[in-house]
Amino acid sequence: MRGIAGEKTLLKRLNRAATLRLVWQEPGISRSALAERIGITKSTVSQSVAELEAEGWLESGNNDLSTAPGRPSIPLKLNHQNFALIGAEIRVKDINVVAVDAYGTVLAQVQQHGDYRNVSQALDHLEQSIRSILVHPHLEQRRVLGVGIGAPGPVDTAQGLVLHAPNLGWKRIALHTMILERLPDLPNLHVDNDANFAVFAEYMFGQYKQSADLMYLYIETGIGGGLILGHQLHRGRRGFAGEIGHMTILPNGSRCSCGNQGCAETLFSTWALLESYQKETNQTINIETFLEKLRAQDPVVKRIVHKAGMYLGIFLGSLANVFDPKLMIIGGSFAQLGNNILEPAEKEIHKRLFGDEFRSIALETCVFGTNASAIGAAGFVWHDILQNTEELPALKH
Ligand SMILES: [Zn+2]
């Protein structure tokens, strides 16, 4: 049993977390606005703010005299130069590690190349990258609050276990435990799926940040999905939610890597684009050359992208009817197709959206590029701290 003293401590932590979250979301907010928004007295807010200021989390600006009449209010802001958040992504041939501030600005970045189908090489390089970013000169005055690591497959997040990463050939890899064995002092370590973290980059730092419902398609050779519903990441029962690349679109379509026919991945993925090009021209090219040809207005490439965009729109229209998101984001290499893919997709979405006139659903390409998962992994750490009712660490020593 927690008891009355425990309840009071919990309440205090909740108030502190809410204060921090609101000052982050609305820089310049006043103490009285905070009291109103959280639903507590101004003296309780003042106490929380005083503590958070003493610990280095917040600072007061100058009196804002423009809000007359009445007493001038003092704007509060986050002391975001006092801390950093670290995010990493493991891909087949590279590891990308970034340190960001509370607003998603990249402060430092470390990349390594290798063959990460080899688990011990992946662990060696992850350890080296994290160690070198921790001592990066741009992080000198900052306290590192936590680390997120994204892996290309479903993850049992309670145990930090990568269940299955087919491109890496990994099965049941206890990444969380293995990293902590090497870096036992690492604070707040989270392991999750790369697309789940990519949607978090948008949720925490994107143009539509803090939108309750967001859908992210991470499209490379395959398709990963990240879904935020009611401000919560939707992982499903065992972390397999969002594996939308294998939804059947054409029952008699091309053979997919999973053994079925006509999966979404066979119609719109970088693999699908290059495969169509090969069929039409008998030439094998890579995605960079394909994008160059698109920029040069190559008619075959334009037609292939247009068709992929149509199928993407048919697919997204159906998903939008199920989930009713505010925003759908296209990430991964596919985002580089830009309007060439968005325009035909949008047309199909609006044809198929039930009650189209009652809602506006935005379709955008991800602005974080190849850093999306790593930035989102860091964003997840920050989100966790803002939700957390545990004691916050002091930033000043
Ligand atoms: Zn499939």
>> Helix 339-352 against the longest principal axis of the chain: what's the angle in degrees, Cα atoms only, rounded to the nearest 10?
In response: 90
>> For a quick check: with amide H placed at 1.01 Å from N, whose amide H comes under 5 Å from ILE149's, ignoring anything fewer than 5 positions away on the same chain?
In response: ALA88, HIS190, VAL191, ASP192
> What order do you get for 256-264, 278-286 when each peptide is scored by the mean count of other beta carbon atoms within 10 Å, highest first?
Replying inline: 256-264, 278-286
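Tell me the mean residue ellipticity at 222 nm calculated for the chain from its helices only (DSSP H runs of n ≥ 4, each -39500 (n - 2.57), averaged over every residue, nearest 500).
Working: 11 runs with 156 residues, N = 397.
Mean residue ellipticity at 222 nm (helix-derived): -12500 deg cm²/dmol.
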> Computed on alpha carbon atoms, what radius of gyration and Dmax characterise the chain, expressed in Å?
Replying inline: 23.1, 76
>> Let me spell out the model: positive unit charges on the Cβ of Lys and Arg, negative unit charges on the Cβ of Asp and Glu, origin at the Cα centre of the chain. What dipole size does that give, in debye rounded to 20?
In response: 520
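So if each residue of separation counts as 0.36 nm, and I subtract the Cα-Cα distance between ALA212 and ARG359, what length gain in nm does that give?
51.5 nm
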>> If you fit an axis through the alpha-carbon atoms of helix 42-54 and take the longest principal axis of the Cα set of the chain, what angle between them do you get, 0 to 90°, nearest 10?
In response: 80
> In terms of Cα to Cα distance under 27 Å, which lysines are near enough to LYS93, apart from those fewer than 8 places away along the same chain?
Replying inline: LYS171, LYS293
> In degrees from 0 to 90, rounded to the nearest 10, what is the angle of the helix 372-387 Cα long axis to the longest principal axis of the chain?
Replying inline: 30
> Rounded, prolate or oblate: which one fits region 209-366, using the alpha carbon gyration tensor with axes a ≥ b ≥ c (rounded when a/c is under 1.5, else prolate when a/b beats b/c, else oblate)?
Replying inline: prolate
> Spin-label point model (7 Å from Cα, Cβ direction): what's the GLU275 to ILE4 distance in nm?
Replying inline: 6.8
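A short reminder: the numbers here are calculations on the coordinates, not readings from a lab. Since this is a predicted model, take the numbers as computed values, not measurements. A quick note on method: Cβ atoms are made from the backbone with ideal geometry, for glycine too, and the neighbour counts reach across all protein chains shown.
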